[in-house]
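See structure below.
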Amino acid sequence: MAQTQLNLVNYFNQLLTPGLFEDYAPNGLQVEGKTTLKRLAFAVSATQDSIQKAIAWGADGLVVHHGIFWKHQGARTITGGWGERVKLCVKNDLNLFGYHLPLDAHPEVGNAAAVANELKLVSQAPFALHKRQPLGIKGEFTTPLSASELKTKLATILNHQVILASPDETKQVKTIGIITGGANNEWIKSLEDGLDAYLTGEISEYNWHDSIEAGIHYYAGGHHATERFGTIALMNRVKKDLPDLEVTFFDSENPA
C-alpha cells in the first residue's frame, strides 16, 4: 500500500492549516519527487545528513520542521553545501515537505504542545499570537516547583543543557509559556499574560537582563532540542492516520 503525493499534501494541509500562517518559509511540498510514497522519513531539519539518511533508508519523502527555503535568504544559486541538499532530493526523486510555524503552533502535534505534554501541563491554551495565529502553548503545573527544580526537569526531558535567567531560583513556578526554537524576544508574551516563566530554545545577551528585571524565569533549552518533540508527534500522528505508510525519525547531532 502507498499514498499519493497529492493525498499527503492534502492531509498535511488539513491537519496543520499552513494557509492560516504568514510565515517566512514556504510551507508544504518544497521539492517534488515521486508521485507515490511508501516510506516517509521525518527530521527536525533538511540537512545533507538527514536527507542522506532518508535516502539510505529508502524514503520516498522527508518531512521536516526546517526546510531548505527561507525568505530572508532571497534568490540563491544551487551551489555549494546548500545546493547539495537540493541536488540530493532531485537526484533521488525525494519529496521534501517543510512545515515551520504551523508545526510550532499546532495544539496537538506542535512543538510547544509536545513539550507541554512532556511537562504534564494542564489548562493548555494557545500562546503568543503572531499575525492572528499562535506561536506556542501556555499551561499550568499541577504542583508548582521551584525555578531551579524546573531547570533540572527540563534538562532531563530535553537531554540538553538548559540556561536559566531567573530573578530568584528558589521561587515557585506555576505557569509557563512555551515557544520552541529561536523565539528569544517573545518572552515578553509571558509577562503580558501574567505567567511565571518562559521556555524557548535560545537566549541572547540582552534577554538575560531584561527578563530577570521583569521578574520572568527564562529557560533556554536548545533550538534543536526543543523542536524534536513536535516532529516526532507529527510522525506518530501520520502513523496512526495513514497506517499504510512506513515512517521513521532521523535525529542529527546539533547542540545549538
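Rule-based calculations on the coordinates, nothing more; no lab input. This one's a predicted model, so the numbers in the text were calculated from it and none came from an experiment. Backbone-built Cβ (ideal geometry, glycine too); neighbour counts: all protein chains shown.
Name the residue, out of 48, 14, 161, whose mean-square fluctuation peaks in a Gaussian network model built on the chain with Cα pairs under 10 Å.
Comparing 48, 14, 161 in a Gaussian network model of the chain, the most mobile one is 14.
Using Cβ contacts closer than 10 Å as the measure, can you line up 179, 212 from fewest to most?
Starting with the residue having the fewest Cβ neighbours, the order is 212, 179.
Apply the Kirkwood formula to segment 33-154: the hydrodynamic radius equals the inverse of the mean of 1/r over all pairs of different alpha-carbon atoms; give it in Å with one decimal.
Mean inverse Cα-Cα distance, inverted, gives 16.7 Å.
Cα axis of helix 147-158 to longest principal axis of the chain: angle in degrees, 0 to 90, nearest 10?
10 degrees
Between the alpha-carbon centers of segment 1-71 and segment 89-110, tell me the distance in whole angstrom.
4 Å
Can you tell me which of 191, 16, 234 moves the most in a GNM of the chain? Springs connect C-alpha atoms under 10 Å apart.
Largest GNM mean-square fluctuation: 191.
Return one number: the angle in degrees, 0 to 90 and rounded to the nearest 10, between the long axis of the Cα atoms of helix 48-57 and the longest principal axis of the Cα atoms of the chain.
It works out to around 50 degrees.
At what distance in nm do the modelled label points of residue 129 and residue 75 sit from each other, each positioned 7 Å from its Cα along Cα→Cβ?
The answer from the label model is 3.8 nm.
Any idea what angle helix 80-91 forms with the longest principal axis of the chain, computed on alpha-carbon atoms, 0 to 90 degrees, nearest 10?
So the inclination is approximately 50 degrees.
Per residue of the chain, what 222 nm ellipticity follows from adding -39500 (n - 2.57) for every DSSP H run with n ≥ 4, rounded to the nearest 500?
Result for the chain: -10000 deg cm²/dmol, rounded to the nearest 500.
Of 62, 150, 166, which is farthest along the charge dipole of the chain in the positive direction, counting Lys and Arg as +1 and Asp and Glu as -1 at C-beta?
Result: 62, furthest along the dipole toward the positive end.
For labels at residue 172 and residue 193 in the simple 7 Å Cα→Cβ model, what's the distance in nm?
Result for the modelled spin labels: 2.1 nm.
State, to one decimal in nm, how far the label point of residue 22 lies from the label point of residue 209, with both points 7 Å from Cα in the Cβ direction.
3.2 nm
In the chain, what is the volume of the convex hull around the alpha carbon atoms, normalised per residue and reported in Å³?
It comes to 123 Å³ per residue, whole-number rounded.
About the Cα centre of segment 105-226, what is the dipole size in debye to 20, counting +1 per Lys and Arg Cβ and -1 per Asp and Glu Cβ, all else neutral?
Here the size comes out at about 320 debye.
Among 80, 4, 15, pick out the residue whose Cα is farthest towards the positive end of the charge dipole of segment 3-99, where Lys and Arg carry +1 and Asp and Glu carry -1 on C-beta, about the Cα centre.
80
Give me the dipole magnitude in Debye, nearest 20, for the chain about the Cα centre, with unit charges on the beta carbon: positive for Lys and Arg, negative for Asp and Glu.
Using Cβ point charges on Lys, Arg, Asp and Glu, the chain gives about 720 debye.
Please find, in a Gaussian network model of the chain (springs between Cα atoms separated by less than 10 Å), the residue of 227, 108, 213 whose mean-square fluctuation is greatest.
213
Stokes-Einstein diffusion coefficient for segment 3-99 at 25 °C in a medium of 0.890 mPa s, Rh from the Kirkwood formula over Cα pairs: what value in µm²/s?
181 µm²/s
Calculate, in whole percent, how much of the Cα-Cα pair population of segment 105-226 lies beyond 20 Å.
That tail contains 31 percent of the Cα-Cα pairs.
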